[in-house]
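Let me begin by presenting the structure, written as structure tokens, before commenting on it.
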Amino acid sequence: LSGFSGTQLDALTPTQLAALSSSQLAGLTVTQVLGFSATDISQFDVGQLEGLTTAHVASLTTTHIAGFTATQIAGLGASQLGGFTSTGIAALSTTQVAALTADQIPLFSTTQLKGFTASSVGALAVDRLAALTTTQIAAFSAAQVKGFGADAISALSDEQMAVLSVTQIGSLTTTAIGALEPAQINALSSTQLAGLAATQLRVFDETQIAS
């Protein structure tokens, strides 16, 4: 395929695209890969996508990224995930983000995670949130932490809660605050607790206060 231009690759039919091997995709240049349309990208199965290199994925436009199906997203390996820029991650729909597996989540760098919006964070299932490392949790912005809902916040471990900054704690919604378990509250330092606003403190019930 080395002699094919991007335009020629884009002209391949679905049947022809399905016949390409992961090795053939791996041998393409970045310029050639960019010749594929979003529709073309969506035609590849998970096995074929294993041929995409980190450089390939890093070069994809937001339109290309939008072409990934949920099944494809869930099947991406470390090499492919490593190619996503924060801009690329920001282009993922909540459906695509929700398709990420618990094994994939820890593979994202803190720089990549900056691409997650509050809506994206809110789209993560509880087991995905539980898979976040403490380094990743600590790197979330206040705006991203606002995406934690009641189920999400209750899924965080004591270790994850302990690394939240005062700013992050202060950005939690009252719904999230109200869902905190006594053990999670106990994991917070006096400095973290001091960062709670009056509106947040008012939602604590007797059990939470007693903790």
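The values are calculated or read from the model by the stated rules, or taken from the named source; none is laboratory data. Quick caveat: nothing in here was measured; it's all calculated off a predicted structure. Every residue, glycine among them, receives a Cβ derived from its backbone with ideal geometry; neighbour counts consider all protein chains shown. Accessible surface is based on the protein model in full, side chains and every heavy atom, while ligands, DNA and RNA are left aside. Shrake-Rupley method; radii C 1.70, N 1.55, O 1.52, S 1.80 Å.
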Subset of region 132-148 [assigned to a loop (DSSP other than H, G, I, E, B) and open to solvent by 30 Å² or more (accessible area, probe 1.4 Å)]: 133, 141, 146
Single residue of region 122-156 satisfying the filter (of a type in the set (Ser, Thr, Tyr) and more than 16 Å from residue 172 (Cβ to Cβ)) that is nearest to the chain's Cα centre (by Cα): 133
Return the only residue of 22, 2, 59 being out of contact with any strand residue (DSSP E or B) (no Cβ under 7 Å at 6 or more places or on another chain), of a type in the set (Gly, Ala, Ser) and farther than 19 Å from residue 73 by Cβ. 2
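Looking for something of a type in the set (S, T, N, Q) and either open to solvent by less than 40 Å² (accessible area, probe 1.4 Å) or at pLDDT 90 or above (or both) - is there at least one such residue anywhere in region 153-163?
Taking every residue of region 153-163 in turn, at least one turns out to be of a type in the set (S, T, N, Q) and either open to solvent by less than 40 Å² (accessible area, probe 1.4 Å) or at pLDDT 90 or above (or both).
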Of all residues in region 87-101, how many are farther than 18 Å from residue 42 by Cβ and more than 10 Å from the chain's Cα centre (by Cα)? 1
Being modelled with pLDDT of 95 or more and in a helix (DSSP H, G or I) is the filter here, so list the residues in region 66-78 that pass it. 70, 71, 72, 73, 74, 75, 78
Within the set of pairs 6+ apart or on separate chains, which have a first residue in region 99-113 that is within 15 Å of residue 83 (Cα to Cα) and open to solvent by 40 Å² or more (accessible area, probe 1.4 Å), a second that is in a helix (DSSP H, G or I) and of a type in the set (Gly, Ala, Ser), and C-beta atoms under 7 Å apart? 107/78; 110/139; 111/86
Output yes when any residue across region 122-131 is in contact with a Ser or Thr (Cβ under 6 Å, 6 or more places away or on another chain) and either buried (at least 19 other Cβ atoms within 10 Å of the Cβ) or free of Cβ contacts under 8 Å to residues at least 24 places away in the same chain (or both), and no when none is. yes
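Taking helices (runs of 4 or more DSSP H) that do not extend beyond region 1-63, which have at least 1 residues that are among the small types (Gly, Ala, Ser) and within 23 Å of the chain's Cα centre (by Cα)?
Numbers: elements: 6-10, 14-19, 22-26, 30-33, 38-43, 46-49, 54-59.
Result: 38-43, 46-49, 54-59.
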Out of all the residues in region 44-87, which are farther than 28 Å from residue 118 by Cβ, hydrophobic (A, V, I, L, M, F, W, C) and open to solvent by 50 Å² or more (accessible area, probe 1.4 Å)? 55
